[in-house]
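Beneath this line is the structure, given in structure tokens, with notes to follow.
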Amino acid sequence: MDTLALTTDMKLVLGLVALVMVLFLFERVRADLVALVVLVVLGLTGLVAAEDIFSGFSSNAVISIIATMILGMGLDRTGALNRLAAWLMRRSKGEEKRLLLYTSAVAGINSSFMQNPSVMALYLPVASRLASRTGLRLSRFLLPICAAIIMGGSLTMVGNSPLILLNDLLVAANANLPSGVATLEPLPMFAPLPIGLTLLVIALAYFHFFGDRLLGRGGESDGSVTPARTQSYFARAYGIEGDVFELTVSADSPLVGMALGEAENVHGAPLLLALKTGNDSRLAPPADARIWVGSVIGAMGARQQVADFAQNNMLRMSGRLREFGDLFNPSRAGISEAVVPPTSKFIGKTSAELALRKNYSISLLAVNRDKEVLREDIRNLPLRAGDMLVLHSIWQDLALTAANRDFVVVTDFPKGEQRPHKFKVAMAIFAVTILVALGSDLPTSVALMTGVAGMLVCGVLKMDEAYSAISWKTVFLMACLIPLGWAMDTSGAAAWIAGHTIEQLPDGLPVWVIQFTVAMLTATFSLVISHVGATIVMVPLAINLALAAGGDPTSFALIVALAASNNLVTSSNPVVSMVTGPADYSSRDLWRVGSALSVAYLLVVVTMVNLIF
């Protein structure tokens, strides 16, 4: 291998790799545009055959990425993770370390079958809700959850983009293996499971035992959460705080036969946001809805206030939402702010005249007018242009009303339709998908697409929602860069680098030292050219290094795929970038907390791969 001469094709490929690294590092040009330019150059120069140049778009890796994104949205639309938030609160009993441990562990497990950025996007509101309910700073939640998600992505071959890419790169490498070398086989779905479990346990232990020292002591919320993510903002700004309780009306209650609007005017009444009578459950019920024996009222307020109201009015109080669990699911409903524009038809009219609850299924909780918060008798308050309305509603109803432009919603909220009634269907489809992937010889991409088809057919998702779930930038980046990995291999550039690298190393150097060096180099590349780019460039190189050093090519390639995700210290990792803003982490915080964990990550990966392979 060391006798290979540096050819023109090799120079072109290495020049393209250097160009990608420089452009990715300085970010003057979009990453997906860089990938497209590289793809075009590979085609024009003949480094990749014309019939293969666009094959990356149909690769199993790209199809698997698309499928996991759609499956993730399907689970999101059913409110699965918000159910987890409630479960986590109950199980942890409010104890911080236990709550953080449970939340991080579940997030890490979730990341084994969903793309890491998607999991982080789902857990941001979960973490914010937990922070607001416990009074802890959000910065104590997000980085441990982020680390667990990155580690948990190593549990399966579909947990992150590098592992999804790996099997395609292994198969492609077979075309250029020297004669007599055994064919490289794709790895099964749970091949990295022991490695991922070890990494996840280390991350959980790291923050469990050293979290106070690394993240600071717990205290009150740091206020770094947007209004869309937590109710703590509304507690500070409007005095709207507390939890939701269910109040069951007894036969002796003075509220029997009373209209809901009248009940709201009873002394000490909390916010009455939902009503169930018979089989009819409604969020934001109309003011003329009657309360009868056996009716259940959804009330929001401080526990003592709600308890006093329940005792004075012969109501049975429950903190567990048995009747309104789906209605008050944060992925389906919540509090928002909206401004009344000068062109609104609402101007000059009261909430009672507009019948907001009856006509729009929206409850008006407060009005912020000229920096004064109005909460008393707001049903009879004429609205003015510029009023800031505090609303409680189902997100879908809010979106429909906002489309009329009579008010402008300033809070970010889920725009898509939520389908908690499809929860069991979605979970059943997902379970079948995993069983198909494990129990058949079908490619992982086919198994995952089976689950996608099931969710679409059963109504968990609509076709347009499936399209919107796909991050086309990620797909385009991966599909365009895959041929660069092929060119590294077919041109001999990877073999040339490997041969000259081995020549420079001392004789008798243990294979694990070479593996650890490859892992560090990959992790460094991932800081510059993204985890996808690092995987595509380094896997062919690692395979050729393994052949030159007498090691196992599959284990070298697996180390690269795992090490490519080892970025806990910079915002170039999309998962890390999602938490730096909400939790106000500085670059120094990331390096201080993540550097030791990154070193431990590499040591575990190299050690475990050698034990398994």
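No lab work stands behind these numbers, since they all come straight from the coordinates. Small disclaimer: the values here were computed from a predicted structure and weren't measured. Quick reminder, even Gly has a Cβ in these numbers, built from the backbone with ideal geometry, and neighbours come from all protein chains shown.
With helices as the sole contributors, the chain gives -18000 deg cm²/dmol at 222 nm; each DSSP H run of n ≥ 4 counts as -39500 (n - 2.57), and the sum is divided by every residue.
Counting other Cβ atoms within 10 Å as a rough exposure proxy, the listed residues Lys422, Lys11 run Lys11, Lys422 from fewest neighbours to most. Computed from the alpha carbon positions, the gyration tensor of the stretch 495-565 leads to an equivalent ellipsoid with semi-axes of 20, 11, 11 Å, biggest first.
Classified by the C-alpha gyration tensor, the stretch 8-52 has an oblate form. Its axis ratio a/c, with a ≥ b ≥ c, is 1.5 or above, and a/b does not exceed b/c.
Within the straight-line cut-off of under 24 Å between alpha carbons, the lysines reachable from Lys422 are Lys276, Lys462, sequence neighbours fewer than 8 places apart in one chain being disregarded. Using the Karplus relation 6.51 cos²θ - 1.76 cosθ + 1.60 with θ = phi - 60°, the per-residue 3J(HN,Hα) values for the stretch 344-359 come to 5, 6, 7, 4, x, 10, 8, 4, 5, 5, 6, 6, 4, 6, 6, 8 Hz, with x marking Gly and Pro.
For Trp87 and Asp377, a Förster radius of 30 Å and the Cβ-Cβ distance give a FRET efficiency of 0.15, rounded to the nearest 0.05. Summing charges over neighbours of Leu456, with a neighbour being any other residue whose Cβ is under 13 Å away from its Cβ, gives +2 when K and R count +1 and D and E count -1. One quarter of the surface of the convex hull around the alpha-carbon atoms of the stretch 227-411 equals 9.6 nm², the direction-averaged projected area. Ranking of Ile536, Ile70, Ile502 by neighbouring Cβ atoms within 10 Å, starting from the fewest: Ile502, Ile70, Ile536. Modelled this way, with points 7 Å down the Cα-to-C-beta line, the labels at Asp288 and Phe190 are 6.0 nm from one another. Across the stretch 227-411, C-alpha contacts under 8 Å between residues 6 or more apart give a mean separation that, scaled by the residue count, equals a relative contact order of 23 percent. Could you grab the relative contact order for the chain? Cα pairs under 8 Å, six or more apart, rounded to a whole percent. Reported as a whole number, the value is 20 percent.
Residues whose amide H comes within less than 5 Å of that of Thr78, counting only those at least five positions distant or on another chain, are Arg419 (H built at 1.01 Å from N in the peptide plane). The protection proxy used here, the mean number of other Cβ atoms lying within 10 Å of each residue, ranks peptides 437-443, 477-483, 529-535 as follows, highest first: 529-535, 477-483, 437-443.
Counting other beta carbons within 10 Å of each residue's own, what order do Val560, Val119 fall into, fewest first?
Ascending Cβ contact count within 10 Å gives the list Val119, Val560.
Sorting the segments 391-397, 50-56, 106-112 by their mean number of nearby beta carbons within 10 angstrom, highest to lowest, gives 106-112, 391-397, 50-56. Applying the Karplus relation 6.51 cos²θ - 1.76 cosθ + 1.60 with θ = phi - 60° to the stretch 388-399 yields 3J(HN,Hα) values of 9, 9, 9, 10, 10, 6, 6, 4, 5, 5, 4, 5 Hz, where x marks Gly and Pro. The residues neighbouring Ala385, those whose beta-carbon lies less than 15 Å from its own, together hold a net charge of +2 under the Lys/Arg +1, Asp/Glu -1 convention. Under 5 Å from the amide H of Ile362 lie the amide H atoms of Arg357, each residue being 5 or more positions distant or on a separate chain, with H modelled from the backbone and absent for Pro and chain starts. Each label point was placed 7 Å from the Cα along the Cα-to-Cβ direction; for Thr343 and Asp212 their separation is 5.8 nm. Couplings 3J(HN,Hα) of the stretch 145-161, computed from phi: 5, 4, 4, 5, 5, 5, 5, x, x, 8, 6, 9, 7, 10, x, 8, 4 Hz, in residue order, whole Hz [Karplus 6.51 cos²θ - 1.76 cosθ + 1.60, θ = phi - 60°; x for Gly and Pro].
Quick one: work out Rg over Rh on the C-alpha atoms of the chain, Rh as Kirkwood radius.
On the way: Rg = 28.0 Å, Rh = 26.6 Å.
Computed over Cα atoms, the ratio is 1.05.
In this label model, Leu36 and Val432 are separated by 3.9 nm, measuring between points 7 Å along each Cα→Cβ vector. Legend: calculated FRET efficiency, His500 to Ser571, from the Cβ-Cβ distance at R0 = 45 Å, rounded to 0.05, equals 0.85.
For Met520 and Ala385, a Förster radius of 51 Å and the Cβ-Cβ distance give a FRET efficiency of 0.25, rounded to the nearest 0.05.
Taking amide hydrogens as placed 1.01 Å from N in the peptide plane, the amide H of Met258 sits under 5 Å from those of Ile291, each at least 5 positions away in sequence or on another chain. Distance from the Cα centroid of the stretch 355-371 to that of the stretch 463-477 is 36 Å (rounded to whole angstrom).
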